[in-house]
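The values are calculated or read from the model by the stated rules, or taken from the named source; none is laboratory data. Keep in mind that this is a model prediction, so the values were computed, not measured. Every residue, glycine as well, gets a Cβ built from its backbone with ideal geometry; the counts of neighbours run over all protein chains shown. These accessible areas exclude ligands, DNA and RNA; they are computed on the full protein's heavy atoms, side chains included. Shrake-Rupley method; radii C 1.70, N 1.55, O 1.52, S 1.80 Å.
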Amino acid sequence: MVPARPLLPYRSERPQQVLRPGVTGPGSRGAARIHVSTANPPRRRTRKIRAPVDGHLSHGGDALGRLDARSTVVSLQRKNRSMSKPVPRRLFLKGLGGAAVAAPFLDTVGWRDARAQSAAPTARLMVMFTHYGCVTNRFFPERSHGQLSAADLEPTTLAALAPYVDKLLLPRGIRAMNEWTSDLSRGQGDDPHQAAASFFTCQPVTPNRDDPFDFTQWTRFVPRPIGPSLDHVIAKQLSPRGTPMLIRVSGRTDNWQSAISYSAAEEPFAGTSPEQAFNSLTGLFAEDVGLSPDSFRVLRGKSVIDVVRDDLATLERYDMSQADRQKLEAWKQLLHETGSAMTGAVCSQGMANLLQLDGTTQAGSGLGQTDVLTVQITDTLDYADLSMNIAVLGAICNANPVTFLKYPAAHTFTGLNAPYDSHSLSHRIDNAGFGGQCVETALDILTTIDAYHARKFAHLVQQLDAIDDGDGTLLDNTAAVWFQEMSDGLAHNLNNLPIVQAGSASGYFKTGWTINVDDGDDALSRGNSEYYCAGGDTETIDSSGAITQATGTHPDFANAPINKYFCNLMNALGVKAGEDGFPLEGGQAEVTRFGMYDKTEDFIGGGTNPATIHDPGEFTALKASST
């Protein structure tokens, strides 16, 4: 039996027919009725359409959300004729062969009423996360406080972002929590990369280690935070299923030293590969599911748009504003481009070998990894760009207000002519130890990697800024933030953290500025990343030099707690807190506290110190309302 189409409402010559789709997309789990009534004078008739009972689009639905049955009804106004039609709060275009493609919700095609009835956020958060910090002297602009210009960025590794300078915010002077030191003075003694586990949780890790140089126990390299991470705290209040969208950009899984997302204490959240994330928006390329006819058509060269062309034509016949029509056209172009690239990636045996999605090659496993990120899929997109595009598609479709794009640890950028993995290079040597001979041009190679990451973030920013979203663009209604695990990869210091934000989150944040939230100094240190190996030197780095953090920023400077910035982000999205200021479902107050500690020294002992937030609140200087 041919699956019925579409999930989009339309006029029918036989409005009382009950349609029973046999396939609603890979991973469907039954059927529940959604009533679609048509105004067909002289009498109104009702048509019943079946949709997945639990709202799953596909097996990847956990990452992107599901239909919200509590807000399925909206009113559609058609030119010269009023029609009251209940439709899903998020539109799905159906192909005859089972694809269910998430389409943008358009204000003039009925979203305004639904938005007024629902808890849909007015802003969204997109995070790009990379490991091992950067060459800080070449990354930070000279100016650390004041209005930014393109000229400030052009001499730095952020040059790719210069065209968007008016929509950027560079928060300076911020410290992340739980810094490893050789004398146990600023955090726990597990491993320098305990910072990843504590980064978005602001929680200590377990098991606790009080000897930074004790390598005898297996517990050393398995840091597990004792609380949830920021993405889950936000998603619990705002996301359709209470979970964020986490895309592993390389497709590879993380280990304990590189994981950043935790749904609860000691509970890592794996997220999805780009293929799985794309499938959750299109119903194509599912794992362990036989190919649907639509999937087969796409693999044979049809575009994703082709498989839902009839439904799309129906949608396009509705009277809509010019802004909504432009948004729909942008969605079509982006979906076509990304779908074609994804098809090439999935269909290529070479890509299948490169991706190694069976987990046999995992992030952090060491040298010799294949560089899937820089593989060109089309003339204009590499594999990393696909994840950026998928995140933008999700934003257009209002799939999830919390999206994290996680780049891999210990990645070997052979496409950038890097001779060793990024972890080793961050130490300036050919391994991840504390001392050794400088790799020739190590700093130049690291700068090339930094600039590559900046271009990927610029690609995300460009895509978001190209799509109209009511009063502004998608970027204007987003806080897109590039976080890095640490400041300098050899020093492993967490003060003077490199953070780049684009977008104001619907006017909440000030943009076009770099703001030193620590002390307002406009000449904050840019760090000392060039202390070793400058000019292509092949000097030997003494282990004591690395341990004393000579390439970092002095610990007396740039120590404003990252917890406060997280409070900014949560308040911008509309997360609520209880009377104590901590995020709480059902709360009514603004968020003023997050995590267990906001002072890195309190992490010593692994949670034995009383939970204390010394400096509650957000950074008011970052808000658009500040003067």
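Taking the condition among the small types (G, A, S) and under 21 Å from A505 (Cα atoms), does A577 pass? Spelling it out, A577 is indeed among the small types (G, A, S) and under 21 Å from A505 (Cα atoms). Residue under question is L475, and the condition is that it be in contact with an Asp or Glu (Cβ under 7 Å, 6 or more places away or on another chain), under 25 Å from T548 (Cβ atoms) and of a type outside the set (K, R); does it hold? No; evaluated as a whole, the condition is false for this residue. Of the set (1) open to solvent by 20 Å² or more (accessible area, probe 1.4 Å); (2) within 27 Å of L474 (Cβ to Cβ), all apply to R138 but (2). Residues in region 546-559 include at least one that is buried (at least 22 other Cβ atoms within 10 Å of the Cβ) and either within 23 Å of the chain's Cα centre (by Cα) or closer than 22 Å to H614 by Cα (or both). None of A363, A409 is open to solvent by less than 20 Å² (accessible area, probe 1.4 Å), farther than 30 Å from G470 by Cβ and modelled with pLDDT of 95 or more except A409. Of all residues in region 158-185, those that are more than 30 Å from S544 (Cα to Cα) and open to solvent by 10 Å² or more (accessible area, probe 1.4 Å) have Cβ atoms under 6 Å from Cβ atoms of residues that are basic (K, R) and not in a strand (DSSP E or B), 6 or more apart or on another chain, in A160/R455.
Residue by residue, here is whether (1) closer than 30 Å to I541 by Cα; (2) part of a loop (DSSP other than H, G, I, E, B) holds:
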{"residue": "H411", "(1), (2)": "yes, yes"}
{"residue": "A418", "(1), (2)": "yes, yes"}
{"residue": "I429", "(1), (2)": "yes, yes"}
{"residue": "F434", "(1), (2)": "yes, yes"}
{"residue": "L446", "(1), (2)": "yes, no"}
{"residue": "D450", "(1), (2)": "yes, no"}
{"residue": "K456", "(1), (2)": "no, no"}
{"residue": "Q462", "(1), (2)": "no, no"}
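Of the residues making up region 419-460, those that are hydrophobic (A, V, I, L, M, F, W, C) and open to solvent by 40 Å² or more (accessible area, probe 1.4 Å) are A432, F434. For M128, the requirement of being of a type in the set (A, V, I, L, M), at pLDDT 95 or above and touching a His at 6+ places or on another chain (Cβ under 9 Å) is met. Note on region 508-521: residues that are of a type outside the set (K, R), within 30 Å of the chain's Cα centre (by Cα) and in a loop (DSSP other than H, G, I, E, B) amount to 7.
Being hydrophobic (A, V, I, L, M, F, W, C) and either in a helix (DSSP H, G or I) or without any contact (Cβ under 8 Å) to a residue 40 or more places away in the chain (or both) is the filter here, so list the residues in region 376-398 that pass it. Walk me through how you get there before you give the answer.
Quick first cut of region 376-398, residues hydrophobic (A, V, I, L, M, F, W, C) only: 377, 381, 384, 386, 388, 390-393, 395-397.
Scanning region 376-398 gives I377, A384, L386, M388, I390, A391, V392, L393, A395, I396.
Screening region 609-623 for residues that are touching a strand residue (DSSP E or B) at 6+ places or on another chain (Cβ under 9 Å) and part of a helix (DSSP H, G or I) and picking the one that is most open to solvent (accessible area, probe 1.4 Å) gives A621. Only residues that are in contact with a strand residue (DSSP E or B) (Cβ under 7 Å, 6 or more places away or on another chain) and either under 30 Å from Q437 (Cα atoms) or not in a strand (DSSP E or B) (or both) were counted across region 467-484, and they come to 5. Could we say that Q463 is open to solvent by 20 Å² or more (accessible area, probe 1.4 Å) and closer than 22 Å to T272 by Cα here? For Q463, the condition - open to solvent by 20 Å² or more (accessible area, probe 1.4 Å) and closer than 22 Å to T272 by Cα - is met. Restricting attention to region 529-542 and to residues that are open to solvent by less than 60 Å² (accessible area, probe 1.4 Å) and either closer than 16 Å to G433 by Cβ or of a type in the set (V, I, T) (or both), the residue that is farthest from the chain's Cα centre (by Cα) turns out to be I541.
Does region 573-596 contain any residue that is within 30 Å of I226 (Cα to Cα), part of a loop (DSSP other than H, G, I, E, B) and polar (S, T, N, Q)? Yes, there is a match, as at least one residue in region 573-596 is within 30 Å of I226 (Cα to Cα), part of a loop (DSSP other than H, G, I, E, B) and polar (S, T, N, Q).
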